[in-house]
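Every read-out reported here was derived from the displayed coordinates using simple, explicitly stated rules and does not represent laboratory data. The structure presented is a predicted model; accordingly, all values stated were derived computationally and were not measured. Cβ placement follows ideal geometry from the backbone for every residue including glycine, while neighbour counts extend to all protein chains displayed.
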Amino acid sequence: MVPLSYYLVLSGFLFACGVAGFLIKRNIITIFMSIELMLNGVNLSFVAFAAHWHVLAGQVFVFFVMVVAAAEAAVGLAIIISVYRTRETLNVDRVNLLKL
Amino acid sequence: MTTNLNLWVIPILPLAGAAINGFLGKKSSRSAVTTVGLVFSGAAFAWALLVALRFSSLDLPYQEYVAHWIRSGSFSADFALYLDQLSLVMLLVVTGVGFLIHIYSVGYMWDDPSYYRFFAYLNLFMFFMLTLVLANNYLLMFIGWEGVGLASYLLIGFWFTKDSAASAGKKAFIVNRIGDFGFLIALFLIIQHFGSLNFSQVFAQVQPMAPENASAGLLTAIGILLMVGACGKSAQIPLYVWLPDAMEGPTPVSALIHAATMVTAGVYMVSRSHVIFERAPTALTVVAVIGTLTAFFAATIGIAQTDIKKVLAYSTVSQLGYMFMACGVGAFSAGIFHLMTHAFFKGLLFLAAGSVIHAVGGEQDMRKMGGLRTKIPWTFWTMTAATLAISGIPGLAGFFSKDEILWRAYQASWIYWFVGVVTAFITSFYMFRLWFLTFFGEYRGAADTGPGHGSPSAHDSSHDAHSGHASGIHESPRVMLVPLVILAVLSVVGGYVGVPGSLGGNNHFDHFLGPVFRSTLPSNSENTQMGEKGASERTTEGTEPKTEASTELMFTGISVLAAALGFGLAWWLYYRNPGLPAKIATSLGGAYQAVLHKYYVDEFYAKIFVKPLVQGSTTILWEGIDRKVIDDTVNNAADDARHVSDEVRHMQSGNLRSYAGWIAAGSAVVIAYMIWMGVR
């Protein structure tokens, strides 16, 4: 059986990748994908703990996260499309109308 | 309390008049303002007369509960009124003289642009004064007390665009405040020790107390503090300085507030508290000494004044001194008697002086008058009556009341009597000086046909706003003369209500007030001379032994002689030898200058109290505490906050990824910390 720590390291790695991508990338879609990566990194640790402690709550949480992520993806992608239509760019640094 | 007098109507009527004129007067016509002002004050007088008619059928003291005011634990002070012989006398004086002066003001103030404001203030004054005299507890009395101060301030500064009037108003208000402070502390002491401010309750608790002869105690403290309050309101040494300056107000105001009624509030208050004073001989002595000193001191200043109203102002201070002298020797009813006659003749003197000022177009300097006898005969004759009355010429009001005071003063100590007689002489002298300077000799004003406006005098018409009277010296309109005549009649006959026994009368006035002032000290106590003596005499006045009567008659003769001497001297100096006073003045040099400058008391106060206060406030309170401590604390706090924000605001870049970076870094730190803690 694979020890718990392996899952956690992988989960931490995925989360760190997501954070790094979120911070570094300028393309909105890439940023969006980085967020998904972070969510899934967390999901992985949830199921790992759930399996380890034999508690179903962790798995139920994962379902919640996936539902919210799906809804978020739907809304987010709609926003991205509308941003692209009005601004003709996907570079977040250029979507700065609200900045001083 | 079987009958209901609806006493509350009396003060409410002038208040309604004040409200109507104050709020609506600006848009109404002069005649409407006049109607409102006169009807409401006249109705108050009429109501007071009705009360007086039903007075004999009342259970005294009559008390009337009007409304709930303050109730806290066992302490209570309500809007409740109190009527006894003393308040009835005050009530009639205030409403009666007040109404006459309202009538006079119609003529005097007719040309003033703020006509409606004048009547609103005058009615407001009446309201507060009536509250003061009708209150059944010290707190309500204090409301009236402060209210008349307010009205006085408003009326002294009536022509507030003139700097001197505005500062005179402030001076009156501030000096009064010093006195009120004493009064207030006296009230606190009364609450603390008697748990009530109600007259009947306080006096009922005071009555069983023994007189504080040997050592000064609570009652002495209360008495002296009450006297401090009275000093402020009634212009006694050392707080008299505001009254002469108060002459900046319109002349009817000087007559009503600063001669006839408000300034006598202190005498009323001391008389009302006689139960306390009788048990505090030290406080009574203080009252008598202050009164005597003031009477003499102010009279001497009056000699050298040249402004007709200033002479009368110092004369008022001096006469108030007489009243306090009377109270101080335990002759409260004599004090009130003088208060009443003084209200008549001093009110008349001021109104007549106003009529003179009116006639000569705003001039107040007596050196620029003269020879007005034939030109304004009505004013001349009424003023003559008042002058004779105040000087103590036998047969007129002032004679009886002043004589009564001097006789009672002699029974207490010959010093009071002596100073009183000397003061009577000085009074007679300066009043006849005024009389001769104003009405006799030749007119000394500028251009005999057009006084006032063409004159180079510094006063010009600004003193008493009389523009449009450029047509030479003229008698005042009838609306001003009628009150003069009525007051003149009162000044002549007003004294006959209190003819003393030695002169064949039986002193009705004294008997009338007797129940109020009947000494409440236990008669077997050995230390009751003052109050008790007064009381026993009061009851035996009519039948006193022959020797007593002849002694009293002798003293009467002496004071008449003093008055006659004053007249003679004034006649000799200002009628026979008009050049002589100036020579005497120059030969006296420094002494004359000192009197002319009112003994430099104002300068002294300015140096000792006002200047240090102003400078201390400027350097310590304003620049030191307010600017350096309070302002700087606030300003520095704001500055520091701004500096910190300047640095910190860089964090708010608006760049979403930098925020994410901060969050990530933060959580990394937290995680690292937790791991480190876990490892340890």
Go ahead and estimate [θ] at 222 nm for chain B from helices alone: -39,500 (n - 2.57) per DSSP H run with n ≥ 4, summed, over the residue count, rounded to 500. -21500 deg cm²/dmol
Shielding by partners - mean other protein chain Cβ count within 10 Å, residues of A:17-29: 2
Compute log10 of I(q)/I(0) for chain B with the Debye formula, placing one identical point scatterer on every Cα and leaving out solvent, at q = 0.07 Å⁻¹, to two decimals. -0.49
Mean separation of Cα contacts under 8 Å (6+ apart) over length of the stretch A:4-88, as relative contact order %: 27 percent
Run the numbers for B:PHE75 and B:THR374: contour at 0.36 nm per residue of separation, minus the present Cα-Cα distance, in nm. 101.4 nm
Give me a comma-separated list of calculated 3J(HN,Hα) values for the stretch B:346-361, in order, Karplus coefficients 6.51, -1.76, 1.60 applied at θ = phi - 60°, integers in Hz, x for any Gly or Pro. 6, x, 4, 4, 5, 5, 5, 4, x, 5, 5, 4, 4, 5, 9, x
Relative to the longest principal axis of chain B, what angle (0 to 90°, nearest 10) does the C-alpha long axis of helix B:546-571 take? 80 degrees
Take every Cα pair under 8 Å in chain B that's 6+ residues apart, average their separations, divide by the length, and report that relative contact order as a whole percent. 12 percent
If unit charges are put on Cβ atoms (+1 for Lys and Arg, -1 for Asp and Glu) and the dipole of the protein assembly as shown is taken about its Cα centre, the option from B:PHE324, B:TRP435, A:ASN27 lying farthest towards the positive end turns out to be A:ASN27
If amide H atoms are modeled at 1.01 Å from N in the peptide plane, then the residues at a separation of 5 or more from B:LEU372, or on another chain, having amide H under 5 Å from its own are B:PHE439, B:PHE440
Relative contact order in percent for the stretch B:134-273 (Cα pairs under 8 Å, 6+ apart) equals 30 percent
With just the Cα atoms of the stretch A:4-88, tell me how far they stretch along each of the three principal axes, in Å, largest first. 50, 25, 10
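When the dipole is taken about the Cα centre of chain B, and only Lys, Arg (+1) and Asp, Glu (-1) are charged at their Cβ, what size is it in debye, to the nearest 20? Kindly include the intermediate steps, with their values, before the conclusion.
Numbers: 40 positive and 41 negative charges, 158 e Å.
Its charge dipole is roughly 760 debye.
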Quick check: pseudo-label points 7 Å beyond the Cα along Cα→Cβ at B:THR551 and B:ALA210, how many nm apart are they? 3.0 nm
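Can you give the mean number of other chain Cβ atoms that lie within 10 Å of the Cβ atoms in peptide B:654-661?
Per residue, the number of nearby Cβ atoms from other chains is 4 on average.
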Using each residue's phi in the stretch B:244-250, evaluate 6.51 cos²θ - 1.76 cosθ + 1.60 at θ = phi - 60° and report the 3J(HN,Hα) Karplus result to the nearest Hz, with x for Gly and Pro. x, 5, 5, 5, 5, x, x
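Quick one: B:ARG478, B:ARG433, B:ARG444, fewest Cβ neighbours within 10 Å first, how do they rank?
Working: B:ARG478 10, B:ARG433 25, B:ARG444 15.
With the fewest neighbours first, B:ARG478, B:ARG433, B:ARG444 line up as B:ARG478, B:ARG444, B:ARG433.
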If you line up the long axis of helix B:163-194 against the longest principal axis of chain B, both from Cα atoms, how many degrees apart are they, to the nearest 10? 80 degrees
Output ³J(HN,Hα) for the stretch B:368-381: one whole-Hz value per residue in order, computed from phi by the Karplus curve 6.51 cos²θ - 1.76 cosθ + 1.60 with θ = phi - 60°, and x for Gly and Pro. 9, 9, x, x, 7, 3, 7, 7, 10, x, 4, 4, 4, 5
Proxy reagent accessibility, fewest Cβ within 10 Å first, across B:GLU64, B:GLU603, A:GLU88: A:GLU88, B:GLU603, B:GLU64
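Could you work out the per residue convex hull volume over the alpha carbons of the protein assembly as shown, in cubic angstrom? Can you show the working numbers first?
Numbers: hull volume 242.5 nm³, N = 780.
With only Cα atoms used, the protein assembly as shown gives 311 Å³ per residue.
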If you place +1 on the Cβ of every Lys and Arg, -1 on the Cβ of every Asp and Glu, and leave all else neutral, what size is the dipole of the stretch B:367-425 about its Cα centre, to the nearest 20 Debye? 420 debye
Taking chain B as the reference, fit the longest principal axis to its C-alpha atoms, fit the long axis of helix B:218-233 to the helix C-alpha atoms, and give the angle between the two in degrees, 0 to 90, nearest 10. 80 degrees
Taking neighbour Cβ counts within 10 Å as the exposure measure, how do A:VAL68, B:VAL93, B:VAL489 sort from fewest upward? A:VAL68, B:VAL489, B:VAL93
The lysines whose Cα lies under 26 Å from the Cα of B:LYS611, excluding any fewer than 8 residues away in the same chain, are B:LYS162, B:LYS170, B:LYS171, B:LYS233, B:LYS310, B:LYS598, B:LYS628
